[in-house]
C-alpha cells in the first residue's frame with residue numbers, strides 16, 4: 001500500500017509544482033557522478049545533528065567544464081589558481097514539455113493565451129426593419145469557433161426567430177463547418193420557415209415609374225408561406241498562398257441540394273390575381289446546385305481586403321421533386337480594398353442572374369448564389385427601392401460602398417468598432433438580354449455600422465430612390 005500511495009503523492013506534487021509557476025519546480029537537470037562529487041569541507045551548521053546541511057564550499061577549478069575557465073587560467077596539476085574563484089555558468093533548466101499538455105507529447109499548436117477563448121457565443125435581441133415588412137422583433141444566438149484571431153471561423157452557427165409588426169415571420173437555423181476533414185472543405189446546412197402576408201408583387205419586368213403611388217397597398221401584395229432547407233459542400237481545388245499583407249485564396253468546387261415548398265395565395269382584387277386569375281402558383285422547388293467559389297477574404301463577417309466570387313448553376317425539374325422544370329445561372333463578385341489605413345474599406349459587388357424554363361414566382365425576385373437574396377430592391381440589393389420592386393428572368397446589379405470605422409472601443413476582452421458608410425446601388429431587370437440595358441435603377445444613401453469582434457455586424461442604412469426611401473436595420477453587411 002505504501003508504494004502506490006507514495007507514487008500518487010509524487011505525481012500530484014509534480015502537477016502542483018508545474019501549476020504553481022515556480023521556476024525551480026520539476027526541472028530536468030544533469031546529475032554529477034559520485035566520483036565528481038567533492039566531500040563537504042565547510043563547517044556544519046549548528047543543527048547538523050538534526051539533519052542540517054554543510055555550508056557551501058568553493059568548487060575546485062579542475063572540476064569546472066572547459067568553457068567555465070578563461071583560456072590560460074586552467075590550473076595544472078589540479079592546483080587551484082590564486083585570486084577570485086570563477087563562478088559556474090547558469091545551468092540551462094529544461095522543463096518537461098509534456099507537462100504543458102498532459103495528453104500530448106508536445107504543446108498544442110492551437111493553445112491560446114489565458115483569457116483568449118477560441119469559442120464565441122453571442123446571444124442578442126434581433127431587431128430588423130425595412131419598408132414593406134416593418135419592424136421585426138425577435139432573438140438570435142450565434143456561436144463561432146476560431147483557433148486564433150484573424151483565422152476563419154472553423155464552426156459558425158446561428159439560430160434566429162423574428163416576427164414583424166405586419167405579421168411576417170422568419171425562423172431559420174444555419175451552420176457552417178470548415179476544415180472538418182482537414183482538407184479546407186466547407187459544409188453548410190440551412191433550414192428555414194417563412195410566413196409573409198405582405199409579400200410584394202409589382203409585376204414581372206415592370207419598369208414603369210410608380211412614384212406617388214402607395215406601394216404598400218394590398219393591391220401590390222400577396223400571401224406566401226415557404227419552408228425548406230439546403231445542404232452544400234465545397235471541396236478545395238487550388239490554394240494561393242498569402243503574399244505580404246494579402247490573405248491566402250482558395251478555389252473550391254461547389255455542390256449542393258436544396259428543397260423548398262412555396263404556398264402562394266393571392267388576395268382578391270390584387271395585381272397577382274388579375275395577371276394570373278386561374279393559375280396555381282403553389283410550387284415545389286427541388287434544386288441540384290453545382291459551381292465554383294473563390295474566397296480570399298481576410299475576415300468572413302467584416303472583410304477589409306480580398307475577394308469572394310461564386311458562379312453557380314441550379315437545375316430543377318420533376319427529377320428533383322420540383323413542380324416545374326427550370327434552371328438558373330448566377331454569378332456574384334465581391335471585392336474589398338483597404339484605402340491607406342485598415343479602417344477605411346472600399347467594398348464592391350457585381351451580380352448577374354439568369355433564369356430559363358418555367359421558373360416559379362419566388363426565384364423571379366431573387367439573386368442566386370451562395371446566399372440567395374431579394375432583388376432588385378430591398379436591404380441587400382437596391383436599398384431605397386421597395387423590396388422585390390423589379391423582378392424578371394434577367395437581372396444585373398452593382399454596388400459600391402465606402403466603409404469607415406474611426407472609433408474602436410475595448411469592452412473587457414472584446415472589441416467594439418463604430419463606423420460610417422456611404423453607398424450607391426445600380427440595377428437592371430428585363431425579360432430579354434437585348435432589353436437589359438434599357439432601364440437603369442439607381443439608389444444610394446448612407447449609414448452607420450457597429451462591429452463586435454469582427455464577428456457580428458449591425459448596420460443602419462438609409463437608402464433613397466426616385467420612388468421611395470427606406471430605413472434598414474440589419475445584423476449583417478449588405479455584402
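The values are calculated or read from the model by the stated rules, or taken from the named source; none is laboratory data. Just so it is clear, the structure is predicted and the values come from calculations on it, not from any experiment. Every residue, glycine as well, gets a Cβ built from its backbone with ideal geometry; the counts of neighbours run over all protein chains shown.
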So which residues in the range 363-380 are under 24 Å from residue 234 (Cβ atoms) and part of a helix (DSSP H, G or I)? 363
With assigned to a strand (DSSP E or B), more than 20 Å from the chain's Cα centre (by Cα) and either modelled with pLDDT of 95 or more or surrounded by fewer than 19 Cβ atoms within 10 Å (Cβ to Cβ) (or both) as the only criterion, which of 261, 274, 278 stands out? 261
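Check whether at least one residue in the range 305-315 is in contact with a helix residue (DSSP H, G or I) (Cβ under 9 Å, 6 or more places away or on another chain) and assigned to a strand (DSSP E or B), and report yes or no. Can you show your working first?
At the first step, the residues of the range 305-315 found to be in contact with a helix residue (DSSP H, G or I) (Cβ under 9 Å, 6 or more places away or on another chain) are 314.
Those left that are additionally assigned to a strand (DSSP E or B): 314.
There is at least one residue in the range 305-315 that is in contact with a helix residue (DSSP H, G or I) (Cβ under 9 Å, 6 or more places away or on another chain) and assigned to a strand (DSSP E or B).
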It is to be established whether one or more residues within the range 175-186 are in contact with a strand residue (DSSP E or B) (Cβ under 6 Å, 6 or more places away or on another chain), closer than 30 Å to residue 276 by Cα and modelled with pLDDT of 95 or more. no
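Please verify whether the range 192-214 includes one or more residues that are outside any loop (DSSP other than H, G, I, E, B), more than 20 Å from residue 389 (Cα to Cα) and either out of contact with any helix residue (DSSP H, G or I) (no Cβ under 8 Å at 6 or more places or on another chain) or at pLDDT below 95 (or both). Lay out the reasoning, then the answer.
As a first pass, look at the range 192-214 and keep what is outside any loop (DSSP other than H, G, I, E, B): 192-200, 204.
The next check asks that each one be more than 20 Å from residue 389 (Cα to Cα); those that pass are 192-193.
Still in the list and also either out of contact with any helix residue (DSSP H, G or I) (no Cβ under 8 Å at 6 or more places or on another chain) or at pLDDT below 95 (or both): 192-193.
Scanning the range 192-214, I find at least one residue that is outside any loop (DSSP other than H, G, I, E, B), more than 20 Å from residue 389 (Cα to Cα) and either out of contact with any helix residue (DSSP H, G or I) (no Cβ under 8 Å at 6 or more places or on another chain) or at pLDDT below 95 (or both), so the answer is yes.
Let's see how each residue does on (1) within 25 Å of residue 387 (Cβ to Cβ); (2) surrounded by 18 or more Cβ atoms within 10 Å (Cβ to Cβ); (3) touching a residue at least 24 places away in the same chain (Cβ under 8 Å); (4) over 22 Å from the mean Cα position of the chain (by Cα):
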residue: 283; (1), (2), (3), (4): yes, yes, yes, yes
residue: 289; (1), (2), (3), (4): yes, yes, yes, yes
residue: 297; (1), (2), (3), (4): no, yes, yes, no
residue: 308; (1), (2), (3), (4): yes, yes, yes, no
residue: 318; (1), (2), (3), (4): no, no, no, yes
residue: 326; (1), (2), (3), (4): yes, yes, yes, yes
residue: 355; (1), (2), (3), (4): yes, yes, yes, yes
Taking the range 226-256 on its own, how many of its residues are within 27 Å of residue 321 (Cβ to Cβ), free of Cβ contacts under 8 Å to residues at least 40 places away in the same chain and over 21 Å from the mean Cα position of the chain (by Cα)? 1
Residue count, the range 340-353, condition outside any strand (DSSP E or B) and touching a residue at least 60 places away in the same chain (Cβ under 8 Å), comes to 1
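Please list, ordered by residue number, the strands (runs of 3 or more DSSP E) wholly in the range 381-479 having 3 or more residues that are closer than 22 Å to residue 134 by Cβ. Lay out the reasoning, then the answer.
On the way: elements: 394-411, 414-430, 441-452, 456-464, 469-474.
Strands (runs of 3 or more DSSP E) meeting the threshold: 441-452, 456-464, 469-474.
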